[in-house]
Each structure stands twice: as structure tokens, then as C-alpha cells.
1. Mind checking whether some residue in the range A:115-128 is more than 14 Å from the chain's Cα centre (by Cα), among the charged types (D, E, K, R) and in a helix (DSSP H, G or I)?
2. Under 8 Å between Cβ atoms, which residue pairs at least 6 apart in sequence (or on different chains) link something in the range B:55-76 that is under 17 Å from residue B:26 (Cβ atoms) with a partner that is open to solvent by 50 Å² or more (accessible area, probe 1.4 Å) and part of a loop (DSSP other than H, G, I, E, B)?
3. Taking residue A:32 and the conditions (1) closer than 30 Å to residue A:188 by Cα; (2) open to solvent by 50 Å² or more (accessible area, probe 1.4 Å); (3) touching a residue at least 60 places away in the same chain (Cβ under 8 Å), which numbered condition does it fall short on, given that it satisfies the others?
4. Looking only at the range B:54-84, which residues are facing chain A (nearest Cβ under 8 Å), of a type outside the set (D, E, K, R) and open to solvent by 20 Å² or more (accessible area, probe 1.4 Å)?
5. Any residue at all in the range B:272-294 that's assigned to a loop (DSSP other than H, G, I, E, B), in contact with a Gly (Cβ under 7 Å, 6 or more places away or on another chain), open to solvent by less than 60 Å² (accessible area, probe 1.4 Å) and of a type in the set (A, V, I, L, M, F, W, C)?
6. Of all residues in the range B:85-124, which are small (Gly, Ala, Ser), in a helix (DSSP H, G or I) and within 13 Å of chain A (Cβ to nearest Cβ)?
7. Within the range B:237-260, can you find the residues that are of a type in the set (Val, Ile, Thr) and farther than 20 Å from residue B:284 by Cβ?
Amino acid sequence: MMNWRGATAILKNELARFFRTAFGSILSPVLTTSLYIVVFGAAIGGQMDPSQFGGASYGAFIVPGLIMLTLLSESTSNASFGIYMPKFTGAIYELLSAPVGVAETIFGFVGAAALKSLIISAIILITARVFVDYEIAHPVLAVGYVVMVAASFALFGFIIGLWADGFEKLQIVPLLILMPLTFLGGTFYSVQMLAEPWRTVAQFNPIFYLINGLRWTFTGSSDVPIGVAFGFTLAFLVLCVAVIAWIFRTGWRLRE
Amino acid sequence: MGGPILDIRGLEKTYKGGTKALAGVDLTINKGEIFALLGPNGAGKTTLIGAICGLVNPTAGSIHAFGQNTAKSWREARRKIGLVPQELSFDMFDKVIRQVRYSRGMFGCPPDEARIEEVLRSLSLWDKRDAAIRELSGGMKRRVMIAKALAHDPELLFLDEPTAGVDVELRRDMWRQIDALRAAGVTIILTTHYIEEAEEMADRVGVINKGRILLVDDKDAIMAKLGRTEAHFTLATPLAEIPAAFAHYPLTLEEGGMRLVYRGGDGTGKGKREVAELAQTLAGAGVAYTGLETRESTLEDIFVDLVEQGAQEQAA
């Protein structure tokens, strides 16, 4: 039977770690995203033709992409750091010797990482409202979709944290893979603006579907069908859960 | 002492590189006892504890704790087991009380501030409850590790080298705390390479080397079997032979008859008594001596003998 007290203890512990450094954890992504909105949305965006973005202002167009950028990087790095630190300090002994299994660990570590990135994303969304006048066409679906993406990438980050055997590896995936793919996935532009072959190439970027999924919930239109974006995210989530279950069963990178 | 609380059969662990850390360990631990596992560095002590507590995947063998196979009923077993590892491993930036609460919660126990206070007070940490762990001294950090392990009231507690690298005063303090735990009914398994620690604390002693248990017995029984008293009487005048009146004592003459040596006893005090008798009767029998040195063999002598004997057997 699942050890709920154990699961919530891990969740609370991880959240407490986040709130201990809340100032830096929140301020840094909020500042970065605000700069993107000010520079791209307000300064450059004024020169853009709204017809290229489904009639929305450029500032409103980039908000979902920026939220996705934050969600992906924060969920991944929070979760990878969360499980890597106990491995690094040796405190993982307690988790391994406690009556907690894969379900409790995912609930605690991944839940906390996803929650943290959702809190930061919500703050960014509110901050964006100061600079940009955006609407959310499907608010319930937007919340559901954002939660699903945060959970998926927190699971992905958890796997990275287990795999990493040094701080350098912890940074490789978020900085060298996720960040470029997010920028190239249509955060700042619509793929309709790209010439071939880049328009086709962009469709092989998985992040493209995530950004467009969220953009659809904001504007009601996107470059891809919403079902594809939701299906893709759900498949990624299931894959990550399966990988973590395998890791716990075999003890890979956890038990000697 | 109660019945078995832990039963290990044929436990083996071979690491990926081929190192055999455990080579078929059989061991039974009884409820309520303090068991000291002695062994040199690399003997397999930490691997054995790791295998029982879930940190190491054994290659072969079985572990039953509280009558249940830990591979199957791991949740039930782990709820009742506490572990204090050798290394200080926790979130150094967190507060003492929060870390102890965290441990209690992780092991599935409901919040209980009174119990947390009790644990912290018993380890003289209550005044430091709101301090960040990194601000504490090395000894206090080690106590935080123990507090975390005790937070869920384990019935079986593993202490891996609890006094490694701590000063004498703190070591004695730690022994008092271990004694208090035993009085509270906690079964304790401690690994150490300080023989003095095993001699002071343990009810039973096991000696492990190269992944094999070389000996397990009551500490007193080991001392009785292998304990010896040695006394050197430096004589005023040399003796040609041992007087007949002392023939029933295990005596030898050394250094050209200038030294009368007693080697006997069984670790129960018999040796000391016989040396005292000798000291009195030698003077009465006209055998004058100018000096007397006595020495009791310790667990360390026994341990060194066993390890050396094991090495010789393996070489053969």
C-alpha cells in the first residue's frame, strides 16, 4: 500500500527547499521573461503585422511560447537538481532505506518540481499582463495542458538527475537540447513565416507541438491540430513514467 | 534477549568490477541485543548493512527481518529499521528539527511533535533545533544523523562506524546514548574497527573479513575462550627451576631465570586472581621479585589473531 505520509514528506521537503531560495528561484525567470516580452513584444513587436499571428498582437503571440520556455526549463532543472543533490551529498541513503517506492518518489520529487515550475509560470503569466494585453480562449484546457507539460518534463528532469554523475551532465540537456529546441519550436514566430525546407524541418521538433498546443489554448488557433499536441505530451509523460519504473525496479544509478 | 529479529542466509554481493564484497554471509541477530560487527576496512561491513537496509542489491542469498523476507515485504521491514550511515549525509542548509520531521514522515509515521522533542532532547539537540545543520559541530551533526534514524522509532538500528573520527569524549557520550537505546528495547547492530567500542558496548561480537564471517559469539564467551592474562615477575635473584609449590600454575622461566612469566586465565578474571595469589605466595616462599607487569589480552588480540589466521587459511 502506498506510503502517503512518506510521499507528502518528500513533497514538503522539496517545496521547503524551493521556498528557502524563493527570491532567486522566482526573480530570475520572471526577470528574463519580462525582458523577452519588453524587447520582443513591446519594442520589436510593434513593427510586426498582426495578420501573421492570427490577428493577435506579437506580444500576445509570444506569451504562450515564453510560458512553455519557463515550464520546460524549470520543470526539468528543478526535478533533475532535486534528485541529483541527495545523490551528490549521500542523503539518498534515507530515501533508499525508507518504505517509499517509485510512486511515492515520483509524487514527492516530480510533484514538487512540477508545482514549483507552475508557480513560476503563473507569476510570469501575471507579470506578462503588465506589458501585453492577451486573452486565454480555453482557460480550463490551458491549465490542464500546462499541468501535463510540467509533470512530463519534471519526470524527464528526474531521469536526467538519476542519469547525471556530475553537475555538468545536469546542465547538458536543458541548455544544449531543450533551450535551442524551444527557441526553434516557434516561441517567437509562426512556422507559417518560414520558407521551405525549414517549415518541414520545424515539424520534426517535438517542442514545436508543445508550444502550439499551449498557443491553441490561448488564441484558439495554432500551427498544428490540438489533438496531436495533447497526444504527443501524454505519450511523452507515459514514456517517462515507464523509464522511472524501470530504474526503480533495476536500481540503475540508485542501488549498487 | 529475545528470538531472532534478523536472519541472513548465504548472502553474497559481487560488484560490477568483479569485487566480491560478501562471500556467503550467514548471521542471526536476536531481539534486544547489541551486536558489534568487527572488521578491517574493506571487510564487507558497510556492504552487509547496505544489503539489509536496501542500499545494495545482493547477488544471492536471503534476508529475513521480523520474520519476513525483506525482498518481498520491504515496506514492512523498512518501517522498523533505522540506519545511521558512516558519512554525514543530509541537507546542510536545512534546520535540525525540519530534517528530523522529514525523516519521520518519510518512514510513514504521523506527525508527533512531542516525540520529535523527546528524540532531540535525548541527543542534546533541542537547543539547536532551529539551527541550520551546517552551523553545528561535527559531533552534533553526527547526533542529527542519529536523531533522523530514531525519528520513526525503529526496532532495529544500524550504526555504521558511529564513532569514526570523533574525539574520545564524544565517543563515550555516544556509547551512553547507545546504552540508553538498548534500555529502551532497540536492537542495535554497530560496525566498528574500534575493538574498545565492541568490548564496551556489545553483547555479541561478529568478526568479518573479506566478505566472510569468521566468528560470532557472546563477547564474554570469546573472552573466556581466547582471553588470556600475562604477568611478568622480575626476580631479585635468578631461579634454576620453578619451585614445586608453584607447579600447578602455568608458569615459565625466561631470560636466564630472571623472569617468571605467568600465561593463563580465561577472560573471566581467573588469570587476575591467580596472579594475585602468586604475588602473595611467592614472597612467602622466599622468591623475591623487584617488579611486576600484568597485561590482559583484549578483543583486539583475538581479532588480529582471527584475521591473520583467516588470511593464512586462504593462502594455504
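The values are calculated or read from the model by the stated rules, or taken from the named source; none is laboratory data. Just so it is clear, the structure is predicted and the values come from calculations on it, not from any experiment. Cβ: placed from backbone, ideal geometry, glycine included. Neighbour counts: every protein chain shown. Surface areas here come from the heavy atoms of the whole protein model, side chains and all, with no ligands, DNA or RNA. Shrake-Rupley method; radii C 1.70, N 1.55, O 1.52, S 1.80 Å.
1. Taking every residue of the range A:115-128 in turn, none turns out to be more than 14 Å from the chain's Cα centre (by Cα), among the charged types (D, E, K, R) and in a helix (DSSP H, G or I).
2. B:62/B:71; B:63/B:71; B:65/B:80
3. For residue A:32, the exception is condition (3).
4. Across the range B:54-84, the qualifying residues are B:55, B:57, B:74.
5. No, the range B:272-294 has no match at all.
6. Of everything in the range B:85-124, those that are small (Gly, Ala, Ser), in a helix (DSSP H, G or I) and within 13 Å of chain A (Cβ to nearest Cβ) turn out to be B:103, B:105.
7. B:252
Okay, residues lined up against (1) within 14 Å of chain B (Cβ to nearest Cβ); (2) at positive phi; (3) of a type in the set (Phe, Trp, Tyr):
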| residue | (1), (2), (3) |
| --- | --- |
| A:10 | yes, no, no |
| A:28 | no, no, no |
| A:34 | no, no, no |
| A:47 | no, no, no |
| A:57 | no, no, no |
| A:62 | no, no, no |
| A:76 | no, no, no |
| A:81 | yes, no, yes |
